[in-house]
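The values are calculated or read from the model by the stated rules, or taken from the named source; none is laboratory data. Quantities reported herein were computed from a predicted structural model and do not represent experimental measurements. Because the Cβ atoms are built from the backbone with ideal geometry, glycine has one as well, and the counts that use them run over all protein chains shown.
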Amino acid sequence: MSCYTPLLSGIQEKSRSTVTICNVLLTLFGFFLLFFWFSIVMGKETSERLDFVPILQPSEDMIAYNALEKLRLTAIKESEELKRNENQSDEVVITTTEEPKTERIKVMFSIGGMFNSEHFSKLVGNFKKRENFTTSIATFLEEYQFDGVDVFWKWPETKDKAHYIFFLRELRQKLQNLQNPGLLSIVTPSVGFELMDGFHLNGILKHVDFINVETDKMNGKHGQFTGAPSPLFSEIGEYKEFNVDWTMRHVACTTGRPNQINMGVPFYGRYWKGVQESVEKGDEMWRTVETTGKSGVVFWRNLESEGFKKDESTWHEESKTPYIWDSKDRLFLGYENEKSLKEKMQYTIEHNLGGLTIWTLEMDDDVNSLLEAVTENVECRGEEVNKNDVLYKCEN
């Protein structure tokens with residue numbers, strides 16, 4: 001999966017049950033769909049009524065996900081699983097549960113991603129291409145009965161700012177005209193690590209239901225420092241503002257709509273080899289890394305199998321995250337666990353944010369330890385507040 005799984009959007013609404021709050025807004029992001037498309041459609045004849053190029057290498061004329069014409073999606077209310085139909089290789093079966101007095105799970109698909117966004121600028125900047133793009137998205141949504149679309153374009157430049165709003169406005173209009181109006185969301189980068197010059201946040205929020213804010217990869221450029229993938233607070237030196245609190249504060253204060261903002265949380269850890277001494281005396285979290293040192297990502301579900309022992313972790317109070325430091329092998333791992341996610345969930349509630357968005361659910365273990373940690377305190381809200389109350393001290 002290539003993007004975030006929005007979860008718990010609108011947690012402050014008292015009338016929602018836990019299941020409804022979770023809504024698990026399972027977002028079938030591009031790579032999930034493309035996996036099946038690539039294995040099924042690639043190499044076969046294309047649909048006679050569609051003119052497209054492979055989404056894995058999109059062109060300026062790409063038309064959303066119509067390349068998935070031969071991929072049939074069937075919704076069956078049986079269990080809370082996503083599985084491949086073993087009997088029909090060209091069919092993806094989406095199975096959900098609808099409990100009495102609860103809303104069904106919302107399923108969205110995502111366009112773009114880290115490796116599929118290079119032509120967004122030219123697509124949204126041309127009226128005709130933008131019209132084709134938005135029409136094909138709406139058509140795909142209706143044909144395959146998805147509940148919405150998430151636009152994963154984190155890299156618009158200043159010149160794209162107005163065009164991006166035009167695109168979202170026109171897409172929203174088309175989604176509203178569907179028999180079942182679709183949800184619309186976008187992904188933004190973390191403030192500090194990546195620029196947000198191409199985002200007019202207030203203009204965007206007029207047309208989208210919510211924004212998923214990426215908060216990981218905040219520990220310095222090119223990974224020259226160890227650290228937590230997503231520190232709630234704290235950083236070092238020139239990166240002191242590279243944390244979740246600073247990013248969420250910026251977005252909430254800029255927009256005045258915290259209820260439409262979801263905090264991203266990672267279900268993975270980041271490790272470094274060839275780690276050197278700590279940057280600040282007495283703080284083992286922030287260390288320099290050799291220029292030849294290797295780094296990588298490990299899923300929560302794979303920590304033990306890849307040699308990391310959870311019972312040897314240390315809690316870093318300032319960042320509200322755990323880490324594992326192996327001084328013998330000069331190996332450092334920063335990651336999220338049940339405790340750190342509870343801290344982030346509590347932060348979300350205390351600051352009146354819309355919810356959390358997860359990268360990604362399949363990284364959790366088989367008993368959903370991290371997901372359970374996130375959801376178990378959902379209803380511990382306390383005193384109700386207005387959904388648009390900004391509970392930050394904002395600079396004027």
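Does Asn368 fit the bill of being on the phi > 0 side of the Ramachandran plot and surrounded by fewer than 18 Cβ atoms within 10 Å (Cβ to Cβ)?
Here the answer is yes, as Asn368 does meet what is asked.
Looking at the stretch 348-365 only, could you name the residues that are part of a loop (DSSP other than H, G, I, E, B) and either farther than 14 Å from Phe210 by Cα or small (Gly, Ala, Ser) (or both)?
Result: His351, Gly354, Thr360, Asp364, Asp365.
Looking at (1) exposed (fewer than 12 other Cβ atoms within 10 Å of the Cβ); (2) more than 30 Å from Glu277 (Cβ to Cβ); (3) of a type in the set (Lys, Arg), find the lone condition where Lys342 falls short.
Checking Lys342 against (1) exposed (fewer than 12 other Cβ atoms within 10 Å of the Cβ); (2) more than 30 Å from Glu277 (Cβ to Cβ); (3) of a type in the set (Lys, Arg), the one that fails is (1).
Return the residues of the stretch 233-262 that are under 21 Å from Tyr323 (Cα atoms), among the aliphatic types (A, V, I, L, M) and either free of Cβ contacts under 8 Å to residues at least 12 places away in the same chain or buried (at least 23 other Cβ atoms within 10 Å of the Cβ) (or both); say none if nothing qualifies.
Val244
Can you find a residue that is farther than 30 Å from Gln224 by Cα, of a type in the set (Gly, Ala, Ser) and surrounded by fewer than 18 Cβ atoms within 10 Å (Cβ to Cβ) anywhere in the stretch 112-122?
No, the stretch 112-122 contains no residue that is farther than 30 Å from Gln224 by Cα, of a type in the set (Gly, Ala, Ser) and surrounded by fewer than 18 Cβ atoms within 10 Å (Cβ to Cβ).
Quick one: how many residues across the stretch 239-273 are farther than 26 Å from Asp389 by Cα and touching a Lys or Arg at 6+ places or on another chain (Cβ under 6 Å)?
First pass over the stretch 239-273, keeping only residues farther than 26 Å from Asp389 by Cα: 239-240, 266-273.
Within this subset, residues satisfying the condition of being touching a Lys or Arg at 6+ places or on another chain (Cβ under 6 Å) are 273.
Residues that pass the stated criteria total 1.
Collect the residues in the stretch 298-321 that are outside any loop (DSSP other than H, G, I, E, B) and surrounded by 15 or more Cβ atoms within 10 Å (Cβ to Cβ), keeping them in residue-number order.
Answer for the stretch 298-321, where residues must be outside any loop (DSSP other than H, G, I, E, B) and surrounded by 15 or more Cβ atoms within 10 Å (Cβ to Cβ): Val298, Phe299, Trp300, Arg301, Asn302, His316, Thr321.
Under the condition of being of a type in the set (S, T, N, Q) and over 22 Å from Met114 (Cβ atoms), which residue from the stretch 208-242 is modelled with the lowest pLDDT?
Ser234
Return the total of residues in the stretch 150-159 being within 22 Å of the chain's Cα centre (by Cα), surrounded by fewer than 23 Cβ atoms within 10 Å (Cβ to Cβ) and either in contact (Cβ under 8 Å) with a residue 60 or more places away in the chain or assigned to a helix (DSSP H, G or I) (or both).
1
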